[in-house]
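Notes for the one structure printed next.
The values are calculated or read from the model by the stated rules, or taken from the named source; none is laboratory data. Predicted model, so just to flag it, every value in this text is computed and none were measured. Cβ atoms come from the backbone with ideal geometry, glycine included; neighbour counts cover every protein chain shown. Accessible surface is based on the protein model in full, side chains and every heavy atom, while ligands, DNA and RNA are left aside. Shrake-Rupley method; radii C 1.70, N 1.55, O 1.52, S 1.80 Å.
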Amino acid sequence: MSFVQFSRINLSYGDIDILKDVSLRLAAGSRSSLAGANGCGKSTLMKIIAGKIKEDSGERSVQKDTRISYLPQSGIVHQGMSLRNEAETAFAFVHSLIDRLEKLGEQLEKTKDNESSVKNLLEEHHNLQEQIENTGYHRRESAISSVICGLGFSPRDIDRNTSEFSGGWQMRIALAKVLLEKPDILLLDEPTNYLDIEAREWLEQWLLNFTGGYLLVSHDRYFLDRCVNEVYELFSGDLKRYAGNYSAYEKTRNNELEGLVKRYTEQQEEIAKTQALIKRFQYKASKAAFAQDLIKRLEKMELVEIPESLKKININFPPAPHCGNIALTLEGIGKSYGDHNVIKSLDLCLNSRERLVVAGPNGAGKTTLLRIIAGEDNNFDGTVKLGSGVIAGYFSQDAAEAMDSPLSVLEFMEEEAPTHLVPKLRDMLGAFLFRGDDVYKSVSVLSGGEKSRLALLKMFLKPMNLLILDEPTNHLDLFSKDILLDALKKFTGTIIFVSHDRAFMEELSTKTLEVSSAKLYYGNYSYYLDRTSKENVNSKSVSKEANAALKNQSSEESAEQTNEQKRALEKQRQGAVRKLEKQEAEILKNLEELETSKKLLEAQLASPEVYSNGEKAKEVKEKLDECNENIELKNKEWETIAAKLEEKP
C-alpha cells in the first residue's frame, strides 16, 4: 500500500522552532486535515511532505512508486498553452511509464528462451499496464472535461490560452492538474480559497470518491467536516492527531485546553497588573528599584501559550444609526451584457435588520446585483431605493486594488478609526490576521489578500446601517471568520451578502434570494437548499407522471394529450405552490410585526412610569397577552402551511 511517513522531523528558522519531533503517516485512504493558527508552519510541513524543502533532521520514508501531488496556496501562473493542453500536462508522468512498457516488450522479445527472466518481465509488464490504466491516461479527454467543468470552467474556456485567466482561475487550473494526476497522496493547501460554492461541492464529492490519501488545509469548516476523519494540529512546533471530523476535533481540543486557558487567563491578569504597577512607579525615584524588579520578573516569566482560536477577542463595531423600517426596495431590476441577460425583472423589499444572502450558480449575477445596490454600477434597468436614514457600506472582492498608502497598517487604521476605537485597533487588527510586527508593514507592500482583509476592517470602522458584503470571508482563517460572524450577528443594521462558505451562510442569513430566478425564500441558506431540493423532486415527479401517461397513450394523439396533461399538471402544481408561498410570506410578515409589537409592549411594561401605575400596567399586560396569543396562532398557521409546502401539491 502506498504511504509516506515521517518520524521525529525538526525544522528551525533562526531561534524559532517551527517543527519539533513531528511524526506523521499518510497512506491510501487517509482523510486528514492539518489545523493550526496562521503562521504556525502548516504550509512548511506540507512542503516537507511534498519534498519541496528539506527538514533539519528526522526520517522520511516513502513507499516505492508512491506519487505525491502538492497544491500551494497561491503563486501559480500558467501561460503559453490552451487550457486543454495545460490540463493534459497532468499526464506527463505517464509517458515515462509507457516508455518503460515499450522497453519491456523489446526485452521480452529477446529473452524467450529464459523462462525465469520471462516470468519476471511479464510480471513487471503487467504491473506497468495496471499502473497506466489506473492513471486514466486512455480516458484523459473525458477526465479533463469532467474536472474542468466541475471546477467552474465553461466548455468554451477549454481552448482559451491560460494567460487570459485571472489569478483565482489560475489556481483553479493548478487544482485541476493535481486532481487529474490522481496521485497516491494528495496535499492541498487552501484548495477552496478561489472556489464558489458549486465548485466546492464538486471538489467535496471528488475527494469522497478518491481512493488515495489526502491532507487538507482549509478555512471552510463545513468542507472539512464532510471530507476528513482525522485532524492533525500543529501548535508551538508540536503535532498531535485527533480522530473524527473538524467539529469533533474542536470539541475535544477545547475540553483538553480548559486548564490551559485558565492558566493563560490568570497569567494575562498578572501581566496586566504588573505592567500597571511598572507604569505607576517607574518614574518615581523612591520606587525605581521596585519597578526594575517588576520589569525583570516580566522578562523571566515563561509565557503560557494557547491557540489563537481560544483567545477571546470581541469586536464591537460602531452602533448602526437609526433608520426606517424599510432598508431597501428594488423595482424591476434588470442587467444585460449585450444579448446576455444576467438579471431579469427583480423586485425586492427588505426590512431593516434582515440578513439576506444572495445565492445562485457561478455567473448568475450575484456580484452584479451587489454592485447595483451599492451604487457602483449605474447602467441597469429599474430602480434602487434606500430606506429613510439608510447609510450603506460596500465591501467588494476587488477592494484590495484601491488600497495603496505609504503609511504602516497601524497608522493607516488610526487615521481611519473614530477616537473611541483607537485603543482597540490592535485587537481588531489581530482578529483580521495582522499580528505582531505585521502592523508595522507599509500598506503599499501588502499582498492582495492582506489588503482585502484591511479594506474589510476599514469599512467596519464607520457608523452605517446597511452592509453590502461580497465574499467577506475570503482570506480569513477559521478563527477570524468566527470573530467576524460574531460581530455581524451583533450588528443591529441590515446585511446583504454573498459568500461561498456554507457554514457562514447558514449561520448569518435570515432570508435567501435566488438571483437567477429572482425568487425570495423566507429562511436561511439551509432552508433554501431544503426547499429547492424538494422543488426539484416534485418537478421530477411531474415529469415521471407525464412520461408514464405517454407510454399508455397511442402515437401522435397520445403525445399531444400527454403534453397538455403535463402542462396542466405543472401549471396546477406551480399555482398551488405560489398560493402557499404567498400565504407563508403573509404569515411571516405578520409574525415579524407581532414580534416587534411584543418587544415594544415588553419595553413599556418594564418602564417605571408604567409598572408603577397599576391601571396602565394592567392595560399593557392585557395587550401583551393578546399579542402572545396571536403569535401562537400565527405560528400554528405557519406550521400548517410549511407542512403543505413539504408535501407534493
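Below are the figures for this structure:
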item	result
Burial order of peptide ranges 86-94, 351-359, 203-211 (average beta-carbon count within 10 Å, highest first)	351-359, 86-94, 203-211
Karplus (6.51, -1.76, 1.60) ³J(HN,Hα), θ = phi - 60°, over region 285-292, in Hz, Gly and Pro reported as x	4, 5, 10, 4, 5, 4, 5, 5
Label-point gap, in nm, between LYS534 and LEU128 - each point 7 angstrom along Cα→Cβ	6.0 nm
Accessible surface of the chain, 1.4 Å probe, proportion on carbon and sulfur as whole %	47 percent
Per-pair calculated FRET efficiency, R0 = 30 Å: SER12 and TYR440 via Cβ, rounded to 0.05	0.80
Rounded to 5, percent antiparallel among DSSP beta bridges of the chain	55 percent
³J(HN,Hα), Karplus 6.51/-1.76/1.60, whole Hz, each residue of region 415-431, x for Gly, Pro	5, 8, 7, x, 3, 5, 9, 4, x, 9, 4, 4, 5, 5, 5, x, 5
The chain, helix-only ellipticity at 222 nm - DSSP H runs n ≥ 4, -39,500 (n - 2.57), divided by all residues, nearest 500	-16500 deg cm²/dmol
GLU102-SER166 pseudo-label distance in nm [points 7 Å out on the Cα-to-Cβ vector]	4.4 nm
Relative contact order (percent, whole number), the chain, Cα cutoff 8 Å, 6+ residue spacing	12 percent
Computed lengthening from GLU198 to LYS64, 0.36 nm per intervening residue step minus Cα-Cα distance	44.6 nm
Accessible area in square angstrom per residue, region 1-65, 1.4 angstrom probe	51 Å²
For region 301-386: relative contact order, % (alpha-carbon pairs under 8 angstrom, 6 or more apart)	31 percent
GLU299 versus SER116: modelled label distance in nm, points set 7 Å from Cα along the beta carbon direction	7.5 nm
Region 243-379 - share of DSSP beta bridges that are antiparallel (%, nearest 5)	100 percent
Sequence-separation-based contact order of region 309-468, relative, with Cα cut under 8 Å and 6+ spacing, percent	31 percent
Sequence-distant lysines (8 or more away, or on other chains) whose Cα lies within less than 29 Å of LYS119	LYS64, LYS103, LYS110
Order by protection proxy (mean Cβ within 10 Å, highest first), peptides 458-465, 478-485	478-485, 458-465
Lysines with Cα under 18 Å of LYS20, excluding same-chain neighbours fewer than 8 positions away	LYS42, LYS47, LYS54, LYS240
Given LYS177/LYS451; LYS579/LYS618; LYS599/LYS644; LYS262/LYS462, the pairs whose alpha carbons are separated by over 32 Å	LYS579/LYS618; LYS262/LYS462
FRET E, pair ARG280, THR252, Förster distance 41 Å, beta-carbon r, rounded to 0.05	0.45
Protection proxy ranking of 128-134, 279-285, 316-322, 20-26 - average other beta-carbon atoms within 10 Å, highest first	20-26, 316-322, 128-134, 279-285
